[in-house]
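Have a look at the structure below before the remarks.
The values are calculated or read from the model by the stated rules, or taken from the named source; none is laboratory data. Computed from a prediction, not measured in an experiment: that's the story for all the values here. Because the Cβ atoms are built from the backbone with ideal geometry, glycine has one as well, and the counts that use them run over all protein chains shown. Each accessible area value is taken on the protein alone, full model and side chains, heavy atoms only, with ligands, DNA and RNA left out. Shrake-Rupley method; radii C 1.70, N 1.55, O 1.52, S 1.80 Å.
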Amino acid sequence: MGVTGPPGPVMDRDEVDRALARLGAEHEAIETSLLSLQDHAGRRLLEGAELTGTTKERWSAAEASINLLWAYFDAYADTLRSAREIRSRRRWSSREDLSELTELLRGASITVAGSATATANAPTLVGTGKLSEQFSLVALVERMNELYASSLDMVIAADAVWSALPARIDLLAAELQRTRRLAHSVGVRPGEHPAGDDLERITRTLTTLRERVVSDPLAFWLPAQGSSAPGGGRPDTTTYDHEARALEDVRREIDAVLTVRQDAEARLVKLRDVLSRADRTLAEARSARGEVLAKIAASEVPAVSGPPTVLQEQLATAAEYRRHAQWHRLSPLLEALEEKAEDELLRARESLTAVTQPLAVRAELRGRLDAYKAKVARHGLAEDPFLIERYDAARRMLWSAPCDLRVAEDAVLRYQHAAADLLSPRVPPQGSGPQDRRGDS
């Protein structure tokens, strides 16, 4: 839609002809816009829909505005027709004709009457208290532009929401039904599994959402900030997006249950093996503790706990769930059991390591003593009586029961020092005689 030029003094013939040409083009543009609005799919849907809320209120105003638009357009067309008739009376218009044409084309010569309903609902006439108004062509086109923009904005917004959300909701609802059937097949039902409760809630939410979108689409429209163009904005998909994410979470949960159904037996066998290894390791630790207490003196040996009966009971429960195809209950139980079983095996290994630590220290001392004896022998000192005496003393302590590790370690260190002295002899002071190494302790 366009706007004619400003009013002025009496127009000459050329000005009138140019104005009529502009008005003719403007008339065609306005008619095209109004017909396009009349045929708009969103307008037809609004006209036949049972509306509620914001959309019902705005459509009442928009419908009145559209009726006024046609009334304004008819008045505009009548004025243009009258001006053309006056101009066509004679080739060279008289002064009176030009004055009349100037008044028609630039003056407030157009009277538009409206119904009481249209006057009450149209946003541009609310509060005026008038059933008719006087317009110039300029003011009339400006008023039509306002009404057209507000009406088109409302129609485009409703149509955009209807085009976007119901179809997406229907697709999500179809996916929801497939997920519900799959969930039912693996025992995920409302009241028995959280995912079943989530499916019920999503179903109710989508049903309510679709009803609201169909009856009040403008409640789900977010206008673009700072935009004055009709239809500037986008559908509000916040609720839809939230439920789509919730359904995806449920699907992952059901996929996990399906995975459990497929590999439940293998996971149960692995769990039994891990718990069996933990039991054997604890049994080995208890046996080793008795050996340590018998063979090692003056050593603190930690106690060893018994087998985890609670885990065995939970394992039996898991097997029962599998036999009765209660996959939704088996899934979380298996995950918890797998973590606890690995922790139990680690604890058993740590217990065995702690219990056998004194034996490991004794074995290390024995190995160190024999290594130094072999080194001494390679240097031809195996028959040294002092070293033999120190070696025998350390060996008796390490191979006796119970063995005092602190005393045995001191004996091994004495043998090491004696061997080191022989392998790297110190140079004696000049004039000194032979010395007795037995005094070096």
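In table form, for the structure just shown:
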item	result
Extension gain from Ser287 to Glu300, taking 0.36 nm per residue of separation minus the Cα-Cα distance	3.1 nm
Cα-based reach from Lys56 at 19 Å (exclusive), listing aspartates and glutamates while leaving out same-chain residues under 8 positions away	Glu47, Asp153, Asp159, Glu211, Asp216, Asp236
Where GluC sites (Glu not before Pro) fall in DSSP loop in the range 278-333, at most 12 other Cβ within 10 Å	Glu300
Under 26 Å from the Cα of Lys270 - lysines, other chains or at least 8 residues apart	Lys340
FRET efficiency, Asp263 to Arg201 (Cβ-Cβ, R0 41 Å, nearest 0.05)	0.85
Helix-only mean residue ellipticity at 222 nm for the chain, each DSSP H run of n ≥ 4 adding -39500 (n - 2.57), per residue, nearest 500	-25500 deg cm²/dmol
Neighbourhood net charge (14 Å Cβ-Cβ; Lys/Arg +1, Asp/Glu -1) for Thr203	0
Heavy-atom accessible area per residue - the range 123-276, 1.4 Å, Å²	50 Å²
Proximal lysines relative to Lys295, as straight alpha-carbon distance under 25 Å, when same-chain residues fewer than 8 apart are discounted	Lys373
Overall Cα dimensions of the chain, principal axis frame, Å, largest first	157, 73, 35
The range 228-290: radius of gyration and largest Cα-Cα distance (Dmax), Å	26.4, 89
Net +/- balance of residues flanking Thr32 in space, Cβ distance below 13 Å, scoring K and R +1, D and E -1	-4
Per-selection Rg to Rh, the range 263-373 - Cα, Kirkwood hydrodynamic radius	1.20
Candidate residues Ile86, Ile388: accessible-area rank, largest first, probe 1.4 Å	Ile388, Ile86
Fluctuation leader among Leu352, Leu369, Leu140 - the chain, Gaussian network, Cα springs under 10 angstrom	Leu369
Portion, in percent, of the accessible area of the chain that falls on carbon or sulfur, probe 1.4 Å	51 percent
Chain lengthening between His379 and Glu31 when straightened (0.36 nm per residue, less Cα-Cα)	113.4 nm
